[in-house]
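> One structure is given below, represented as structure tokens, and several questions about it will come after.
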Amino acid sequence: MSCARSVSHVTIIGGGLMGSGITQVAAQTGHRVTLVDLDQNILDGATARITKSLARVAKKKFGDDADGAKAFMDTTMGSISTATDACSVVKDTDLVIEAIVENMAVKHRLFKELDSVAPQSVIFTSNTSSLSIAEIAEVTSRKDRFGGLHFFNPVPVMKLLEVVKTADTSAETLSALTAFGKKLGKVTVECSDTPGFIVNRLLVPNLAEAIKMLERGVASAQDIDTAMKLGAGHPMGPLQLADYVGLDTCCFILDGWSEKYPDVELFKTPESLKKLVSEGKLGNKTGEGFYKH
Ligand code: CAA
Ligand code: NAD
């Protein structure tokens with residue numbers, strides 16, 4: 001079977017911040033979706049998040065048309081199923097999108113297992129923020145059917161999707177991933193498999209610089225954020241955005257890059273970021289980070 005066939009069933013692994021957003025958008029745009037996470041409690045939380053976010057979309061789309069909104073919600077939620085065992089669902093899927101923790105060893109363990117059970121036609125992708133797609137794909141026997149699909153938070157709102165190709169990603173795979181991205185309603189950009197792809201290579205050092213500026217006492221967190229919102233037209237200031245992305249995710253990204261590229265000053269993890277993470281202050285998701293939420 002050709003891997004350039006259109007995608008109808010998507011398996012999304014990881015029902016956290018990103019996986020639940022990707023599930024929502026895929027279901028909203030006519031795909032059948034199976035969402036996988038480690039246990040049913042997490043999946044119930046993800047389903048509740050998706051329902052809440054979908055209600056915002058329905059409100060915007062249907063206004064006072066309550067019947068239209070209900071039908072949209074029912075159809076969308078009805079096309080989502082959940083599972084705790086990824087291996088049992090990938091036999092019947094076209095595309096896997098992995099959105100689990102940003103850790104190479106954990107991603108390797110997952111993909112090695114999936115590769116041994118998924119039919120060869122299934123395309124594998126990772127939503128990694130910072131790891132090498134080629135390195136993740138190394139443990140599989142389908143390097144030509146492996147690419148990056150990098151979404152942005154909040155997925156239902158952010159219009160961009162980075163489609164990442166490695167030296168081995170086939171032209172067919174790339175075109176299937178781009179077509180899928182467009183069907184999701186995203187604007188796609190194609191990018192090589194380099195650290196941070198396009199957006200994070202420019203954005204994450206910017207967040208780190210803002211944290212280092214705060215450490216130097218140049219200005220308060222509020223004033224740094226206000227300055228970048230009103231002086232550079234950004235929708236959120238950098239410290240607000242770091243909290244929004246998750247300080248653990250920011251830390252994983254910078255730690256990984258600074259280990260791999262120790263000479264790049266811009267990649268050094270700020271000490272105050274490490275401290276907040278070690279205290280469990282991860283930003284919006286735990287209620288405290290650079291700000292109290
Ligand atoms: N689901 C559905 N709709 C949502 C939503 C959600 N989860 N969150 C917001 N919206 C919608 C709202 O309904 C609203 O729609 P209307 O304007 O049509 O009414 C619109 O989005 C704006 O929402 P709000 O009014 O609540 O808030 P806002 O205007 O302050 O915008 C924001 C919120 C969209 C998050 C905006 O602040 C923003 O763009 N921030 C920057 C986000 C960003 O940079 N993300 C990228 C992070 S980096 C990343 O993701 C990559 C990585 O690898 C780390
Ligand atoms: P998160 O911590 O919110 O969610 C991760 C989920 O994966 C959790 O629910 C966890 O239980 C689950 N999980 C972990 N190991 C698993 C396994 N083996 N099988 C099934 N489920 C497993 O993280 P997130 O912010 O959604 O990030 C997920 C991925 O997306 C990371 O690679 C991250 O770098 C990337 N990403 C994050 C953002 C962001 O703004 N947070 C943006 C783009 C990309």
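> Relative to the longest principal Cα axis of the chain, at what angle does helix 247-260 sit, 0 to 90 degrees, rounded to 10?
So the helix axis and the longest Cα principal axis differ by about 90 degrees.
> Once both axes come from the Cα atoms, what is the angle between helix 171-183 and the longest principal axis of the chain, in degrees from 0 to 90, rounded to 10?
Approximately 80 degrees, to the nearest 10.
> Let me ask something additional. On a 18 Å Cα-Cα criterion, which of the cross-link pairs Lys59/Lys186; Lys112/Lys285; Lys112/Lys143 come out too long?
Long pairs (Cα-Cα over 18 Å): Lys59/Lys186; Lys112/Lys285.
> Dipole magnitude of the chain about its Cα centre, charges +1 at Lys/Arg Cβ and -1 at Asp/Glu Cβ only, in debye to the nearest 20?
My answer is approximately 660 debye.
> Could you give the nm distance between label points at Glu209 and Glu113, where each point is 7 Å from its Cα heading toward the beta carbon?
4.1
> Which distance in nm do the two modelled labels at Arg216 and Val101 give, with both placed 7 Å along the Cα-to-Cβ direction?
Label-label distance for Arg216 and Val101, simple model: 3.5 nm.
> So, one more: Rounded, prolate or oblate: which one fits the chain, using the alpha carbon gyration tensor with axes a ≥ b ≥ c (rounded when a/c is under 1.5, else prolate when a/b beats b/c, else oblate)?
Cα axes put the chain in the oblate bin.
> Could you tell me what percent of the DSSP beta bridges with both partners in the chain are antiparallel, to the nearest 5?
Antiparallel: roughly 15 percent of the beta bridges in the chain.
> Something else now. At a 10 Å Cβ-Cβ cut-off, how would you order Ile22, Ile198, Ile123, fewest neighbours first? Walk me through the numbers on the way to the answer.
Numbers: Ile22 25, Ile198 16, Ile123 28.
With the fewest neighbours first, Ile22, Ile198, Ile123 line up as Ile198, Ile22, Ile123.
> With contacts defined as alpha carbon pairs under 8 Å and 6 or more residues apart, what's the relative contact order of segment 225-279 in percent?
25
> With angles folded into 0 to 90 degrees, how steeply does helix 199-215 sit against the dominant principal axis of the chain? Use alpha carbons for both and round to 10.
Long axis of 199-215 versus the principal axis of the chain: about 30 degrees.
> On to the next question. Filter the trypsin sites (Lys or Arg not before Pro) in segment 166-259 down to the DSSP loop ones having no more than 15 other Cβ atoms within 10 Å, then list what survives.
Of the trypsin sites (Lys or Arg not before Pro), the ones in loops of segment 166-259 whose Cβ has at most 15 other Cβ atoms within 10 Å are Arg216.
> Please go through segment 121-164 and write out the trypsin sites (Lys or Arg not before Pro) that DSSP classes as loop and that have at most 14 other C-beta atoms within 10 Å.
Lys159
> Using a/c under 1.5 as the rounded threshold, could you call segment 1-92 rounded, prolate or oblate? The axes a ≥ b ≥ c are square roots of the C-alpha gyration tensor eigenvalues, and prolate needs a/b larger than b/c, oblate otherwise. Show your work: numbers first, answer last.
Details: a/c = 2.52, a/b = 1.41, b/c = 1.78.
Here segment 1-92 falls in the oblate category.
> For segment 74-189, what class follows from the C-alpha gyration tensor (a ≥ b ≥ c being the square roots of its eigenvalues): rounded when a/c is under 1.5, otherwise prolate if a/b is larger than b/c, else oblate?
It comes out rounded by the Cα gyration axes.
> Given labels modelled 7 Å from the Cα in the Cβ direction, how far is it in nm from Asn284 to Glu135?
Between Asn284 and Glu135, the label points sit 2.8 nm apart.
Read-outs: derived from the displayed coordinates by stated rules, not from any lab. All of these numbers come straight from a predicted model, not from anything done at the bench. Cβ sites come from the backbone with ideal geometry, for glycine too, and all protein chains shown count toward neighbours.
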